[in-house]
Amino acid sequence: MSWRRDFWLLFAGSSLATVAARASAAAYPLLALLLTGSPVLAGWVRFASMAPHLLFTLPFGVLVDRHDRRRLLVISQVGRAVAIGLLAVTIAADGPWMPVLWATVVVEGTLTVLHQRALGPAIAEVVPKEHTTWAVSRNEGALAAATLAGQPVGGFLLGIGNAFPFVAGLIAQSAAAVTILWTRMPVRRAAEAEVVAHGLPDAHGLPDAHGRLDGTAVAEHVGVEDASDDRGRGVRGAVHDMAQGARWIWRDAFLRLAVAVFTTTNVLWQMLGILLIVLATSAGASPAAVGLILGATGLGGVVGSTVAPRVLQHVGPVTVLRLACWLWLGAIAVVAFATAPPVLAVGWGCVGLIAGVLDVATMTYVISNTPKDLMGRVTSVPAMLALGVSPLGALAGGYLVELWGPQPVLLVAAVAMAAIAVFATLARVPSQVR
């Protein structure tokens, strides 16, 4: 059971790093809003923190499949610690905080993408396949708990002093780097490294339930050619490798549907995130209270990821996805009719609960049906699409709230969510994955 020791070390380090990242993410736009009073600027700050997902997710997916995943995780932690530390020093010294804030948001956002892309494949390296659901549910629960803890902590520390969230982030990211250094991961054989360099999946075999092929047939299935060519090296090889992940998803009906849903709903969640900050501050909520409201989605996510294994014993991933869309529509309605900050927290918490179940269902499906050496590229495609377009939601939220006010924006979000739910319900998916 030595793999459990390594999983828990990886779990602890990544959880600590994510708490710090969530605290900073909550503090950045709130700091800009408090110091300038501009929801547009707050939206731009949130946009800058999410924009690296669009630029770097696919390249980092290739990077993760080619290089040591533990080393990449440590690099992401150390780099974020340095960036956050510089911002903390600048604010404490009453320096020109705005340009340093922009630089820190972009650097931390970029390294957060690297952490996210390396984490899933790292778990697959450590955890035996038969324990995938167990590990994924705990990891997703940790991510939700990090949101629950991180965003209120970010708001609370910002209420004490402008530099406090970033000093805490420096300490947490440094500690996370040390913890992950203690994690042991399998060392790849030279033959395996050569396979990864040329973009070929491994030959561990795949389940037949979803029409998959195994061994060399998998390579043919995703359009990979003979390893004797030079496709795995250089810019052309990187583009070829990124395309493999996209082809793998395109040929899987469930993953195609999931990517479409995640991409569109993430735009809505970022829009609603800015809207919640504006609604809560307009109601007189303190920075700490705003953090608690934003963190409610984390509490819901913890509950959702905890119950997900039991749900998945009775309901397949397609059914979970379709139900999630309709339940999200109900959660938006709760936010729309909220008259007090606690009701806002309830609605936002329901969004997180539903997402917790859906994330476990989807990630379990991906890990169970994707070769390990292709996983970085496969997981990078939905992440790039879903998280890459999210900044547009934050940006649109800031402008729309300023132009129209909160209620029309909520109506737009509800109509969009209803359309997504109808689309997911009508989409065709093979019966064996339901």
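The values are calculated or read from the model by the stated rules, or taken from the named source; none is laboratory data. Treat the numbers as computed from the prediction; the structure is a model and nothing was measured. Heads up, the Cβs are rebuilt from the backbone with ideal geometry, glycines too, and the neighbour counts pull from every protein chain shown. Quick note on the areas: whole protein, heavy atoms, side chains included, nothing else; ligands and nucleic acids left out. Shrake-Rupley method; radii C 1.70, N 1.55, O 1.52, S 1.80 Å.
A few points about this structure:
- Ellipsoid semi-axes for segment 344-411, based on the Cα gyration tensor and the rule √(5λ), read 32, 17, 6 Å when sorted largest first.
- Each peptide among 365-372, 249-256, 57-64 gets the average number of other Cβ atoms lying within 10 Å of its residues, and from highest to lowest they stand as 57-64, 365-372, 249-256.
- Heavy-atom accessible area per residue - segment 1-105, 1.4 Å, Å²: 39 Å²
- With θ taken as phi - 60° and the Karplus curve 6.51 cos²θ - 1.76 cosθ + 1.60 applied, the whole-hertz 3J(HN,Hα) list for segment 316-328 is x, x, 5, 4, 4, 4, 5, 5, 4, 4, 5, 5, 4 Hz, x standing for glycine and proline.
- A simple count of charges around Ala27, restricted to other residues whose Cβ falls under 15 Å of its Cβ and scoring Lys, Arg +1 and Asp, Glu -1, yields +2.
- Annotation for Met98 and Trp404: the two label points, set 7 Å from Cα along the Cα-Cβ direction, are 2.9 nm apart.
- Average projection, convex hull of the Cα set of segment 87-189: 8.1 square nanometres.
- Environment charge at Leu294 (Cβ cut-off 15 Å; Lys +1, Arg +1, Asp -1, Glu -1): +2
- In segment 1-65, inverting the average of 1/r over every pair of distinct C-alpha atoms gives 14.3 Å as the Kirkwood radius.
- Residues in segment 331-370 that a label on Leu411 would reach, taking backbone N under 16 Å of a point 7 Å out along Cα→Cβ: 333, 336-338
- Rounded Å value of the spacing that divides the Cα centres of segment 319-344 and segment 6-31: 26 Å
- Taking the 1.4 Å solvent-accessible surface of segment 326-381 as the whole, the part contributed by carbon and sulfur is 81%.
- Total charge dipole magnitude, segment 291-434, about the Cα centre, Cβ charges on Lys, Arg, Asp, Glu only, Debye to nearest 20: 420 debye
- Positive minus negative residues near Leu58 (Lys, Arg vs Asp, Glu; Cβ under 14 Å): +2
- Segment 352-359 - phi-based ³J(HN,Hα) in whole Hz, Karplus 6.51/-1.76/1.60, Gly and Pro as x: x, 4, 5, 5, x, 5, 5, 5
- For segment 1-124, the Cβ-based charge dipole about the Cα centre amounts to some 380 debye (Lys, Arg positive; Asp, Glu negative; other atoms uncharged).
- Applying the Kirkwood pairwise sum to the alpha-carbon positions of segment 1-160 produces a hydrodynamic radius of 16.6 angstrom.
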